[in-house]
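> Let me begin by handing over the structure; questions about it come next.
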Amino acid sequence: MAEEGPKAQPLSRRDLQEKIIARAWTDDEFRRKFAADPKGQFEEHLGTRLPEGLVMTVHEETPNSLHFVIPMKPSGEAAELSDEDLEKVAGGIDVTMMLTLIASVAAVVSGGASASAAAGAGWGKQ
């Protein structure tokens, strides 16, 4: 009987988002397809159908716009998270981290990004 290797861990939402962003920064065709049909791209790259009623929206930032996403508020026991748990869910981003992120986005938008910024990208790259 053949030994099975360790099962691949599913990507977290954050990991998946980072891979999509990195690929979009290095692959204009992928970026255009993903912006036009994110649900279709997820289905294609993950090899699965998503629920019919699921709506996915992509917002592209420009030099004059910055988008923030406020995730859905958890319900039930998850809604009663401690401050420490909330920090973990939020990814631990503080003001300094946010300013660094904004500076990075500004550098990318102004053409200062390098291919190395997207190292490790490929989210389903074929």
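> Assign one of three labels to the range 10-56, namely rounded, prolate or oblate, based on the Cα gyration tensor with a ≥ b ≥ c the square roots of its eigenvalues; rounded applies when a/c is under 1.5, prolate when it is not and a/b is larger than b/c, and oblate otherwise.
oblate
> So which trypsin sites (Lys or Arg not before Pro) in the range 23-81 end up in coil per DSSP with only 12 or fewer other C-beta atoms within 10 Å?
Here the trypsin sites (Lys or Arg not before Pro) that fit, given the DSSP loop and packing criteria, are Arg49.
None of the figures in this text is laboratory data; all of them are computed from the coordinates on show. Because the structure is a prediction, the values reported are computed rather than measured. Every residue, glycine as well, gets a Cβ built from its backbone with ideal geometry; the counts of neighbours run over all protein chains shown.
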